[in-house]
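Colleague: My questions will all concern the structure given below.
Each value in this text was obtained by applying a stated rule to the coordinates, not by laboratory testing. These figures come from a predicted structure and were not determined experimentally. Neighbour counts run over all protein chains shown; Cβ positions are idealised from the backbone, glycine included.
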Amino acid sequence: MPLTSPPIFDGHNDLILRLLRGTATPEGVTAGLEDGHIDLPRAQAGGFGGGFFAIYVPSPVDKDAKAEEMSHPSYDLPLPAQIPQPEALRITLEGADALEALEAAGALTICRSVAELEAAIHAPKMAAIMHIEGAEAIDPEFEILHQMHARSLRSLGPVWSRPTIFGNGVPFRFPSTGDIGDGLSEHGKRLVAECNALKIMIDLSHLNEKGMDDVAAISDAPLVATHSNAYAVTPHSRNLTDRQLSQIAQSDGMVGINFASAFLRPDGQMDSDFSLDVMMRHLDHLVKILGEDRVGFGSDFDGALVPKDIGSVAGLPALRQAMVDHGIGDEMMEKLCYRNWLRVLRKTWGA
């Protein structure tokens, strides 16, 4: 029997981008899709309880050129250009519309509190947190931030891997730390304070090292990286050094393990053919520094090349089995699968 419980609540997915690109519809997600990583029937089959549904404004990219560059033993992709605020706002509002359309179609429930989340994780529909990945749509006066919060925004990443008026993301570079570029701008520092005031969780994934240091110095909330891995296992710019992990531990925050092959494999390659033992190495290292109460999952489903043994939300029983085979007991399994996310969100949002 495949292991379909406990439910896995996930720190990051890009399903909304599929809707914006027209490769999926709300009705298709509810009834079942022929491709991609997430739909309701496969979520139910795999025990996917839901997660952070990212609203992301894509940069123009040549996917073939990116794949070719990342096939080299080392690589350094240049940062894309900054996205103009009006364009970002238009796409962000369309993304919020798409998430609400998924709720109207019966695929998920948008959650605004821990109580709503606790109920929804165990329900037949997926539980969803509205997340913005890259704050390009947010104006310096934060009017849009307040409007989006009223519309259910509860999590925000100041940057994706490109510059914004708030700070700098890391380029996709291997091998490399995230110590690339300057820290937060004055706008970025004010954004952190405003998110604290609104109890919007701040996501550190994609943010460079100096920017993370600035968030750590300013924020009164737990430090959270929703979809990042251990630099000690895979020396990629998108992964977190032991010093950064210690900062997160000291704040009582957490890290969601990213399923992206290039951030898991020690060789940094975009190749999905590898054992889930590699993911267990990241898990062991993160637990060693953060403790078992501060680690979860942040798959990047529908936004990354994931291990072939998982493939989609339907393949999550393979992840649970890998954890069982690794000697992880029932209590720790529940923490890793969803309870740690509830804990850190309770500390960030309040009851």
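Colleague: Once phi is turned into ³J(HN,Hα) by the Karplus curve 6.51 cos²θ - 1.76 cosθ + 1.60 with θ = phi - 60°, what whole-Hz value does each residue of the range 155-162 show in order, with x for glycine and proline?
Modeller: In residue order, the calculated couplings are 8, 8, x, x, 9, 9, 7, 6 Hz.
Colleague: Among all the lysines, which ones have a C-alpha under 24 Å from LYS335's C-alpha, if same-chain residues fewer than 8 places away are not counted?
Modeller: LYS125, LYS199, LYS288, LYS347
Colleague: A further question follows. Which value results for Rg/Rh of the chain when Rg is the Cα radius of gyration and Rh the Kirkwood radius based on the inverse mean 1/r?
Modeller: 0.92
Colleague: If you stretched the chain out fully between ARG21 and ARG243, how much longer would it get, using 0.36 nm times the residue separation minus the C-alpha to C-alpha distance?
Modeller: Additional length available on full extension: 76.1 nm.
Colleague: For a Förster distance of 25 Å, can you work out the FRET efficiency between the beta-carbons of THR4 and ALA351, rounded to the nearest 0.05?
Modeller: Using R0 = 25 Å, I get an efficiency of 0.25.
Colleague: Also, quick follow-up: Please order MET332, MET254, MET201 by the number of other Cβ within 10 Å, starting at the fewest.
Modeller: MET332, MET201, MET254
Colleague: Next up: Considering the zone a paramagnetic label at LEU93 would reach in this model (a point 7 Å from Cα along the Cα-to-Cβ line), which residues of the range 35-64 have amide N under 19 Å from it?
Modeller: 55-58
Colleague: Right, another one. Just want the ordering: SER299, SER152, from fewest to most Cβ atoms lying within 10 Å of their own Cβ.
Modeller: Going from least to most buried by this count: SER152, SER299.
Colleague: Tell me, which longest segment in the chain has none of the GluC sites (Glu not before Pro) that fall in DSSP loops with at most 11 further Cβ atoms within 10 Å?
Modeller: 142-351
Colleague: Starting with the fewest neighbours, write out CYS111, CYS337 ranked by other beta-carbon atoms found within 10 Å of each beta-carbon.
Modeller: CYS111, CYS337
Colleague: Right, here's the next one. Where does the range 152-242 land on Rg(C-alpha)/(2.2 N^0.38 Å)?
Modeller: 1.02
Colleague: Quick one: Karplus J couplings for the range 62-75, per residue in order, coefficients 6.51, -1.76, 1.60, θ = phi - 60°, nearest Hz, x for Gly and Pro?
Modeller: 8, 4, 5, 5, 5, 5, 5, 4, 7, 7, 6, x, 9, 7
Colleague: While we're on this one: Based on DSSP, what percent of beta bridges with both residues in the range 42-178 are antiparallel, to the nearest 5?
Modeller: 20
Colleague: Under 5 Å between amide H atoms, partner at least 5 residues away or on a different chain: which partners does GLY296 have, H built in plane at 1.01 Å?
Modeller: VAL255, GLY256, ILE257
Colleague: A follow-up question, please. If you take the alpha carbon radius of gyration of the range 54-117 and divide it by 2.2 N^0.38 Å, what ratio comes out, to two decimals?
Modeller: Against the empirical 2.2 N^0.38 Å value, I get 1.62 for the range 54-117.
Colleague: About the Cα centre of the chain, how large is the charge dipole given +1 on each Lys and Arg Cβ and -1 on each Asp and Glu Cβ? Please answer in debye to the nearest 20.
Modeller: Roughly 560 debye, rounded to the nearest 20.
Colleague: Still on this structure: Would you pull out the residues with amide H under 5 Å of PHE9's amide H, same chain only if 5 or more places away, H placed 1.01 Å from N?
Modeller: GLY49, TYR338
Colleague: Run through every distinct alpha carbon pair of the range 68-181 and return the Kirkwood hydrodynamic radius in angstroms, one decimal place.
Modeller: So the Kirkwood estimate lands at 16.2 Å.
Colleague: Gain in length, ALA101 to ARG190, computed as 0.36 nm per residue apart minus the alpha-carbon separation, to one decimal in nm?
Modeller: Contour length minus the Cα-Cα distance gives 28.8 nm.
Colleague: Set the Förster radius R0 to 56 Å, insert the Cβ-Cβ distance between ASP62 and GLU331 as r into 1/(1 + (r/R0)^6), and round the FRET efficiency to 0.05.
Modeller: 0.75
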